[in-house]
Amino acid sequence: MAGKHSLFGPVDPAADAGYGEDHPPRMGFFTDTSICIGCKACEVACKEWNDVPATHFDMLGSSYDNSLSLNANQWRHVAFIEQAKPLGEQESGLRRQAVDLGMPGMAPPDGASAAHAGQDDDAGRPDFRWLMSSDVCKHCTHAACLDVCPTGSLFRTEFGTVVVQDDICNGCGYCVPACPYGVIERRKGPEGAKNVGIAQKCTLCYDRLGAGSTPACAQACPTQSIQFGDVDELRERADARLAQLHEAGTTDARLYGHDPEDGVGGAGAFFLLLDEPEVYGLPPDPVVTTKDLPHMFNRAGVAALTLLAGAALSFLGRRR
Amino acid sequence: MAEAHPVGFQWVMEAKARGATVIHVDPRFTRTSALADTFVPLRVGTDIAFLGGVINYVLQNGLDFREYVVAYTNAAVIVSDDYQDTEDLDGLFSGFDPATRTYDPASWQYAGRDSAQDGDDQDHVVQRETASALQHETHGIGVESDPPRDETLQHPRCVYQILKRHFARYTPELVSQTCGVSTEAFLEVARAFTENSGRDRTTALVYSVGWTQHSVGVQYIRTGAILQLLLGNMGRPGGGIMALRGHASIQGSTDIPTLFNLLPGYLPMPTAGVDDSLDDWLDGISHPGSKGYWANARAYGVNLLKAYWGDAATAENDFCFDYLPRITGDHGTYRTVLDMIDGKVKGYFLLGQNPAVGSAHGKAQRLGMANLDFLVVRDLFEIESATFWKNSPEVETGEIVPQECRTEVFLMPAASHVEKEGTFTQTQRMLQWREKAVEPPGDCRSELWFFYHLGRLIRERLAGSTAERDRPLLDLAWDYPMLGDTDDPDAEAVLMEINGYDVATRRPLSSFTEMKADGSTLGGCWIYTGVFADGVNQAARRTPGSEQSYVAPEWGWAWPANRRTLYNRASADPQGRPWSERKAYVWWDASRGAAGEWTGHDVPDFEVTKPPSYRAPAGSDGVEAIEGVDPFIMQGDGKGSLFVPKGLIDGPLPTHYEPVESPFRNPIHGQQANPTRKEYSRPANRLNPSPPEPHAEVFPYVFTTSRLTEHHTAGGMSRYVGRLAELQPEMFVEVSPELAAERGLQNGGWCHVVTARAAVEGRVLVTDRLSPLRVEGRVIHQVWLPYHWGTGGMVTGDSANDLFGISLDPNVLIQESKAGTCDVLPGRRPTGRDLLAFVEGYQRRSGVHDDHARPIVTVGPGAQAPDDGDETPDPAGGT
């Protein structure tokens, strides 16, 4: 049902929201996780520019991830996944190096002795890779958070992005369960921070875009893992990069969120992943939660009409 | 590199995208490994064995770049009959004196050399005290210019054959046994290295400074240099050895040094009793009889003195040479800390440095600072080195009592790098100017402001003094334009003085070749001359890469002479032609100029009009003696040194020694560890026993430390800033799942790591990124700790550097702080007095508690004799 004010399907979101033909091209992120080095410069740059408070000072013991997930105080989040799996043509060196200590689960079933381990044979330790990926608000083509916002605080910008207006949001929280990725959240603290109680998430640095600048995270990324630009152009770049990786033997590589035919009409911020989305904590097949809204309205309309008709009939019947 | 230099790593990623293969060798799997094509884990402290194995692979298979090696290195040079190798003497070179644990290097000299000529400048006892190898950093080796050669490389005493014999036992099997690397992985690296070197291809070797922090640190780098010379990877594009420095301008702080034994431009600090006159000092640098540009040392030295003392420096008074301080021995940072403990030091200045957390043996650092009259700390925050007297671990144990601590601490707020102007010099020797973005808040001021005004105030106090000792301060040329409301000296004026100018006209010099030895020019650092050429701040240039060649000569300015690759004459063959079209960089063009010129993509590192066919007249020295085929123009013989006859304390060739603390006996030599190392044997500096000493099993594990991307070194710039502190909020210890099982460690729980110095606790991070290795037939576990935490800041924790003792490389006095042995226990460490008793228990069990003197020499005469280590000998004969 792609068309004006549609709730799913491939559309130009800014035009769909009513911007004229001269609106700027849709802007977004292509995050190529295959070259992310996990430096977290994006997290810090985002917090500095947007004045997002530092809140969590506990070590999680989950690789180098100490920020856990996207939330009101974390608009960029770098995931670290340590995995017993080879990375394409990459040689971790850990498998062939591992030493068999004869402990449960370490030795192969035939009980290869320690004398063989550490040499050139397989010592029973699977190969290893360390995935890193910087997650962010997807700026969906069909954004449920925006659809359900009763105050109009969430709005579609001329760049096709989705932004909260802090001074309009009343903190009702309808947007929170509406997001299929669990990105948006009301800021619960810390005390004294700005916008406590208000829904908060990535703005794709709307203020910087307006001034012709690159969003802070992409600007800070040293390896260009986070690429900012015109979404159509980024999609082409992503396709080319994917083909390059497949050719190099990294057959696990895949794009996530780039397809306008997907459940959110394609994301404005999409990713190149090296494994299933679930591995990174991403939903495998997100669907805009308001997709069925027209259908539901229709049903509700029919039901209401039926009720009205019934009521009318009963009056008619009484007259008889 | 991705961990500690993420911004520089973008270029590695770009190279990878263009097809480069990235190999990472490291004790643990890091962010760099995650992005590399191949990762090879190895045992901490075995890098010489690993790279020595690659050298052996090259030599045994004849894979060296022969034409390059013969023409541009000292491979063909014949060495003295008297030379004996570590292969002959079980880990020692000839000339070893077990009493002083130093060498007489006479037998290391080139054949035909009259060793009596070497005399004074070859006293290794003095050279070790003064870290003389550091003074020689760019001096090159002072060897005679024309030694006997055999260009067939067949002579049994030519360097090539000596090298071949020296590394013959470094077979893939021995590498595997020693390093814990599989032969398959080793051979993969050796093949990749050699297949990617030669006429058409070059390989770069990149290291971070942890590589230097070993008791054989200098020889680590030497091993890399030998390999790169053999493969023809020096002076060529895409080759070389890239040292990733630990801070933004550490290269700058060796060029214009903050070191006790150097003056700007690598001029050595004069030594008392040796450099008694200007002539003595300068002859010691220029090595009459040697080739090369150090022959002009007089001009460099005089220009520096003129920059210091201006009009007061005249030819009549030797340009105030006598105003320069003299060194009398080891005044290195660790010696100084021990002297502080002994009450010999009154005051200490710390500028952007946090030794209470960042230096080896943190307890010694803190106890030393607690025994001063005054301490000045200039930093962005109130770091541990300013608060040790009230909240250090020693306050908890009662070793420092705040009410009794005598040190008066002056904490001066510093301006950050965005709050002041000046230059950074990065690892490529490139100076980049940065502007002041904002005014510093409150009382924060630049270092330039601090030192200028400190000097001004002291000079005002001394005004009118007639005392001889005050002349050096009163005669200083101390006059700079002031900027702004805070009277900040103009940094560009300082850079102009560093560049140098003609005294009469103040015309900026454009090259150090314009420096005069008669006092008519002045310049503060000869290698930086040209940074202000034509009166323009060349360091401020920012032409985008897209608007110039890939060498990018118009971005910033690199010393010397804006040359981006040193010794680039070697990028052309002996006849001056590029080795290949693909690797063309600098070449001889016979059609240029009157009779041909050197030209190319970079500034040629050679006299532009000296043709490849030039041969030196007999008896010449200095620049005249550099022949058309001598690319290494700062070396005494113009050649790359595979074998180093002069300048190194611990031997002319690198050889594998175990770290001072190791659970293993040296598998290659009877000599266990570097016999010439500097070791301060005293109760405050207990070192864990290593074989052949007994009780090494008390500390069964190997540990190493390094940085996380999220923090900056000792944490002074990251732990005090919320948005950085939260990224890695707690001290932790990385262990393999196997070690976790062996010691009952739970991921996320607590553990503590123990050495003979300290016990340090942290949260446990169990990870497959650490893997046990099989070494010499047994399994060894390695433990890794980040060293960023202390008692201050928004996130606190124990300091990993407290675990290390002090043992130093003999060449440059750098500490061994990347390899040690330890024990690991579950749970939290004891606190207070119990902590002292706990550590003492380990000292007793390992036998290092009382007046422990360990054997340092383990072969030959004097082997196994207890050694009291090194206290500083006083050249004047006192104590």
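So the values come out like this:
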read-out: Lone qualifier among B:Ala517, B:Ala533, B:Ala539, B:Ala504 - being under 21 Å from B:Leu278 (Cβ atoms) and among the small types (Gly, Ala, Ser); value: B:Ala517
read-out: So B:Arg461, is it under 25 Å from B:Asp487 (Cβ atoms) and not in a strand (DSSP E or B); value: yes
read-out: Lone qualifier among B:Thr709, B:Thr676, B:Thr655 - being on the phi < 0 side of the Ramachandran plot and within 14 Å of another protein chain (Cβ to nearest Cβ); value: B:Thr709
read-out: Candidate set from the stretch B:798-843 (those that are under 18 Å from B:Pro663 (Cα atoms) and under 15 Å from the mean Cα position of the chain (by Cα)); member that is surrounded by the most Cβ atoms within 10 Å (Cβ to Cβ); value: B:Glu816
read-out: Tally of residues being within 14 Å of chain A (Cβ to nearest Cβ) and aromatic (Phe, Trp, Tyr) across the stretch B:183-241; value: 1
read-out: Matching option when the condition is away from chain A (no Cβ under 14 Å), touching a strand residue (DSSP E or B) at 6+ places or on another chain (Cβ under 9 Å) and under 18 Å from B:Gly224 (Cα atoms), among B:Asp64, B:Asp47; value: B:Asp47
read-out: Single condition B:Val70 does not satisfy, out of (1) in a loop (DSSP other than H, G, I, E, B); (2) more than 8 Å from every other protein chain (Cβ to nearest Cβ); (3) not acidic (Asp, Glu); value: (1)
read-out: Test: residue in the stretch B:811-821 that is at pLDDT 95 or above and farther than 23 Å from B:Ser359 by Cα; value: no
read-out: Condition check for B:Arg429: within 30 Å of B:Leu205 (Cβ to Cβ) and surrounded by 14 or more Cβ atoms within 10 Å (Cβ to Cβ); value: yes
read-out: Any chance B:Asp834 is of a type in the set (Asp, Glu), away from chain A (no Cβ under 14 Å) and closer than 23 Å to B:Val766 by Cβ; value: no
read-out: Failed item in (1) at pLDDT 95 or above; (2) of a type in the set (S, T, N, Q); (3) touching a strand residue (DSSP E or B) at 6+ places or on another chain (Cβ under 8 Å), with B:Thr486 passing the rest; value: (1)
read-out: Residues satisfying the stated conditions in the stretch B:149-176, i.e. crowded, with 20+ Cβ neighbours inside 10 Å and within 11 Å of chain A (Cβ to nearest Cβ); value: B:Ser176
read-out: Residues that are closer than 22 Å to A:Asp65 by Cα, within 9 Å of chain A (Cβ to nearest Cβ) and not charged (D, E, K, R), drawn from the stretch B:11-38; value: B:Phe29, B:Thr30, B:Thr32, B:Ser33, B:Ala34, B:Leu35, B:Ala36
read-out: Out of B:Ser290, B:Ser277, sole residue that is closer than 30 Å to B:Asp637 by Cα, at pLDDT 95 or above and among the polar types (S, T, N, Q); value: B:Ser277
read-out: Helices (runs of 4 or more DSSP H) contained in the stretch A:204-274 and holding at least 3 residues of a type in the set (A, V, I, L, M); value: A:216-220, A:231-247
read-out: Selection from the stretch B:425-478 of residues that are hydroxyl-bearing (Ser, Thr, Tyr) and farther than 23 Å from B:Asp322 by Cβ; value: B:Thr425, B:Thr427, B:Ser446, B:Tyr452
read-out: Set A:Gly229, A:Gly257: member being under 18 Å from the mean Cα position of the chain (by Cα), within 28 Å of A:Arg186 (Cβ to Cβ) and away from every other protein chain (no Cβ under 14 Å); value: A:Gly257
read-out: Qualifying residue in the stretch A:193-203 (condition: more than 14 Å from chain B (Cβ to nearest Cβ), of a type in the set (Gly, Ala, Ser) and not in a helix (DSSP H, G or I)); value: yes
read-out: Filter result for A:Ala199 (among the hydrophobic types (A, V, I, L, M, F, W, C), farther than 18 Å from A:Cys42 by Cβ and modelled with pLDDT under 95); value: no
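Quick grid of which residues meet (1) more than 29 Å from B:Lys678 (Cα to Cα); (2) among the aromatic types (Phe, Trp, Tyr):
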| site | (1), (2) |
| --- | --- |
| B:Asp339 | no, no |
| B:Gly362 | no, no |
| B:Met369 | no, no |
| B:Phe381 | yes, yes |
| B:Thr387 | yes, no |
| B:Thr407 | no, no |
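Residue-by-condition table, conditions (1) closer than 19 Å to B:Asn666 by Cα; (2) more than 15 Å from the chain's Cα centre (by Cα); (3) free of Cβ contacts under 8 Å to residues at least 60 places away in the same chain; (4) not in a loop (DSSP other than H, G, I, E, B):
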| residue | (1), (2), (3), (4) |
| --- | --- |
| B:Lys164 | no, yes, no, yes |
| B:Tyr170 | yes, yes, no, no |
| B:Val175 | yes, yes, no, yes |
| B:Arg199 | no, yes, no, no |
| B:Thr203 | no, yes, yes, no |
| B:Ser215 | yes, no, no, no |
| B:Ile226 | no, yes, no, yes |
| B:Met234 | no, yes, no, no |
| B:Pro257 | no, no, yes, no |
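Results for (1) charged (D, E, K, R); (2) within 30 Å of B:Arg18 (Cα to Cα), shown as yes or no for each residue.
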{"position": "A:Phe228", "(1), (2)": "no, yes"}
{"position": "A:Val231", "(1), (2)": "no, yes"}
{"position": "A:Asp259", "(1), (2)": "yes, yes"}
{"position": "A:Ala269", "(1), (2)": "no, yes"}
{"position": "A:Leu274", "(1), (2)": "no, yes"}
{"position": "A:Gly281", "(1), (2)": "no, no"}
{"position": "A:Asp285", "(1), (2)": "yes, no"}
{"position": "A:Leu313", "(1), (2)": "no, no"}
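The values are calculated or read from the model by the stated rules, or taken from the named source; none is laboratory data. Just so it is clear, the model here is predicted, and its values are computed rather than measured. Note that we place each Cβ from the backbone using ideal geometry, even for glycine, and neighbour counts take in every protein chain shown.
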